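Below: the structure, in structure tokens.
The values are calculated or read from the model by the stated rules, or taken from the named source; none is laboratory data. Values in this document were obtained by computation on a predicted structure and should not be read as measured data. We place every Cβ from the backbone using ideal geometry, glycine too, and count neighbours over all the protein chains shown.
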Amino acid sequence: MLVKLKRRKRPPSGNVSKPSIGRRRLPAPALILALVPALLLSACEPNTGGADDGLRDDDPPPAWRTETVDGFGNDYVGRSSSLAVDADGVLHVAYYDTVWGDLKYARGTSGDWSIEIVDAAGNTGWYPALELDSAGAPHVVYYDETDRELRYARRAVDGWLRETICDILVIEPEAALALDGADRPRLIFCDHYALAVRSAVRENGVWSFETVEEEMNIGNGICLAFDNEDTAHACYVDGIIYELHYARRADDGWSLENVAGDDNISWFPALELDSRGRPVIAYANSTTGALRYARRLSDGWHHEDIDTDDGDYPGLALDGADGAYVSYYARDTNHLRCARRDGAGWETRIVDTVGWVGYYTSIVLDPAGTPHIIYHDRDAGTLQHAWLE
């Protein structure tokens, strides 16, 4: 029997009522008492995987730190965001400001952020996808609700350059972006009216289009990455029958696979390629509520549970040894968690428990291997940054 999934609400157009903005505060003594259980859980909450983190029993465990990037008392920002890190360890974030209807960009490190408005023409900036080119310059694909266009922006020396890719007559708002070895942008999106997954490539200022898969209507969840040979890999959720599909571009077109078989898939899968160019995907199983992890090996797709207690909005990053980090929203507690996988299995830790936190997570590893997470605090209406010390 097909289980129909609840669709996620898209950012509304026009005015929205603001939630309570400030991060919740308690008097100092009560705050200390209230935080003791959370700190103990944050340091000690493994799941059944129990991976060894390399610490001795008498060593203090690494601690997650958090800070607000944007949304200091008068905004409701970060309901959708995208994160990248450059070779110097500087973080780059593209995100949507719901109140003002702007696409915004933040650049910085812990405690030191600069913020710019990329596009403020009407209600714009929905579902941004950010990538950095070989010089570290940001490129963003996003949806403009006012003009009903899929748009592309890149930052030049003298500011942001913007252009239209196509209008809403042929697309759904969400798209995925990746840059090849020559810094050419490629994106994947859904042609809603033709019921097809489409790909677009920009070369010499011109966008060209091709079909990836026909008879397909994508639900919320689409990813794209290039391997070292400039082969494009994509994954997306079939919005009609809720299957997770994987596509790889070969010389003669796109090859297609069903990743998860009979699993019913929630939204927002996350895709990365390992050191051998093989795809790995984090995704949610809506039937069991489990957050799952899929790897494509020589004999097909292998699946395992990351967290069986309900996980959503996963972000995925791989370290140099192909160890995985998965950030996600824990629906059972409304908290942000991060799971780490190495040869011993999965270890899960609580990252943030202050409020209703963990929506729209993105995770990267900086050049030192430190994980950084960008996410949305639904209670405070803020864009948050967490990192492991």
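Can you name the number of the only condition in (1) touching a residue at least 24 places away in the same chain (Cβ under 8 Å); (2) surrounded by 14 or more Cβ atoms within 10 Å (Cβ to Cβ); (3) among the aliphatic types (A, V, I, L, M) that A196 fails?
(1)
Determine the pairs where a residue that is in contact (Cβ under 8 Å) with a residue 60 or more places away in the chain, located within the stretch 101-113, has a partner that is polar (S, T, N, Q) with Cβ atoms under 6 Å apart, the partner being 6 or more residues away or on another chain.
G101/N123
Condition first: acidic (D, E) and either buried (at least 18 other Cβ atoms within 10 Å of the Cβ) or under 18 Å from the mean Cα position of the chain (by Cα) (or both). Now tell me which residues in the stretch 210-226 satisfy that.
Here is the first cut: in the stretch 210-226, the ones acidic (D, E) are 210, 213-215.
Answer for the stretch 210-226, where residues must be acidic (D, E) and either buried (at least 18 other Cβ atoms within 10 Å of the Cβ) or under 18 Å from the mean Cα position of the chain (by Cα) (or both): just E213.
Quick one: which residue in A317, A339 is assigned to a strand (DSSP E or B), aliphatic (A, V, I, L, M) and closer than 25 Å to G136 by Cα?
Values: A339 fails: closer than 25 Å to G136 by Cα.
It is A317.
Which residue is farthest from L318 (Cα to Cα), if the candidates are limited to the stretch 43-90 and must be among the hydroxyl-bearing types (S, T, Y) and modelled with pLDDT of 75 or more?
Residues of the stretch 43-90 among the hydroxyl-bearing types (S, T, Y): 48, 66, 68, 76, 80-82.
Retained after the next criterion (residues that are modelled with pLDDT of 75 or more): 66, 68, 76, 80-82.
Details: T66: 21, T68: 25, Y76: 31, S80: 22, S81: 19, S82: 17 Å.
In this case the residue turns out to be Y76.
Step by step: first the residues of the stretch 77-100, then only those that are touching a Ser or Thr at 6+ places or on another chain (Cβ under 6 Å) and more than 25 Å from G369 (Cα to Cα), then the one that is surrounded by the fewest Cβ atoms within 10 Å (Cβ to Cβ). Which residue is that?
Ranking the qualifying residues of the stretch 77-100, first place goes to R79.
Based on this model, can you work out whether T382 counts as farther than 22 Å from G320 by Cβ and buried (at least 24 other Cβ atoms within 10 Å of the Cβ)? Please lay out each step first, then the result.
Numbers: farther than 22 Å from G320 by Cβ: yes; buried (at least 24 other Cβ atoms within 10 Å of the Cβ): yes.
Considered against the rule, which asks whether it is farther than 22 Å from G320 by Cβ and buried (at least 24 other Cβ atoms within 10 Å of the Cβ), T382 comes out as yes.
Has the stretch 152-167 got at least one residue that is in a loop (DSSP other than H, G, I, E, B), surrounded by 15 or more Cβ atoms within 10 Å (Cβ to Cβ) and out of contact with any Pro (no Cβ under 9 Å at 6 or more places or on another chain)? Quick ask: steps written out before the conclusion?
Of the stretch 152-167, the ones in a loop (DSSP other than H, G, I, E, B) are 157-158.
Cutting the leftovers down to surrounded by 15 or more Cβ atoms within 10 Å (Cβ to Cβ) gives us none.
No, the stretch 152-167 contains no residue that is in a loop (DSSP other than H, G, I, E, B), surrounded by 15 or more Cβ atoms within 10 Å (Cβ to Cβ) and out of contact with any Pro (no Cβ under 9 Å at 6 or more places or on another chain).
Looking at the stretch 173-220 only, could you name the residues that are part of a loop (DSSP other than H, G, I, E, B) and modelled with pLDDT of 95 or more? Let's see the steps before the verdict.
Taking the stretch 173-220 as the starting set, the residues that turn out to be part of a loop (DSSP other than H, G, I, E, B) are 173-174, 180-184, 192-195, 204-205, 215-217.
D180, G181, A182, D183, R184, listed by residue number.
If I filter the stretch 269-284 for residues that are farther than 24 Å from E131 by Cβ and surrounded by fewer than 20 Cβ atoms within 10 Å (Cβ to Cβ), do I get at least one hit?
no
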